[in-house]
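Bear in mind these aren't lab numbers, they're just calculated from the coordinates by the rules spelled out. Because the structure is a prediction, the values reported are computed rather than measured. Ideal geometry is used to build each Cβ from the backbone, glycine not excepted, and the neighbour counts take in all protein chains shown.
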Amino acid sequence: MTPPTLVLGVIGMDVHAVGNKILEYSFTNAGFKVINLGVMVTQEEFIHAAIETGAKAIIVSSLYGHGELDCRGLREKCVEMGIGDILLYVGGNLVVGKTSFAQVEKTFNNMGFDRIYPSGTPPETAVADLRCDLGLGDRPEKGGETGGEGKKQAPFRAGV
């Protein structure tokens with residue numbers, strides 16, 4: 001069986017590369033085929049790479065605080081390009097200022113992201129979530145880790 005493909009990168013003008021490499025390593029070791037676009041990736045680059053590779057998920061990382069601005073409209077662009085059902089994960093330091101993670105999570109859920117993780121979440125959390133979301137294994141639900149609209153949420157760190 002061919003391993004599921006995912007597209008990974010750091011969105012916008014963000015150049016934080018260490019967490020991106022840690023995620024690539026973690027997802028690769030978990031058996032996924034990882035297309036790592038690196039840093040300073042546009043929404044269009046994520047989408048085109050996902051289409052070209054038949055990816056099952058797009059994993060967006062942002063550490064410089066402008067993730068909310070950089071990610072706005074990504075789900076809508078995915079829909080326009082015919083991949084509206086692709087899994088969208090985002091993690092890192094996603095907003096500027098002191099905003100509760102509950103509010104950040106709500107904002108990104110409303111933008112169409114399936115999983116939202118704060119900076120510092122172990123990569124294994126996202127790996128387990130992705131395996132579950134793709135039907136590749138079970139992930140036990142824990143209290144407080146489910147978000148609105150029935151979408152499961154888990155904290156995410158490691159500079160995603």
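What the table below lists for this structure:
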{"item": "Estimated inter-spin distance, residue 72 and residue 85, nm [label 7 Å along Cα→Cβ]", "result": "3.0"}
{"item": "Label-point gap, in nm, between residue 28 and residue 132 - each point 7 angstrom along Cα→Cβ", "result": "2.7"}
{"item": "Estimated translational D of region 13-86 in µm²/s (Stokes, Kirkwood radius over Cα pairs; 25 °C; 0.890 mPa s)", "result": "189"}
{"item": "Convex hull volume per residue in cubic angstrom - Cα atoms of region 5-150", "result": "102"}
{"item": "Distant alpha-carbon pairs in region 85-142 (separation over 14 angstrom), percent", "result": "58"}
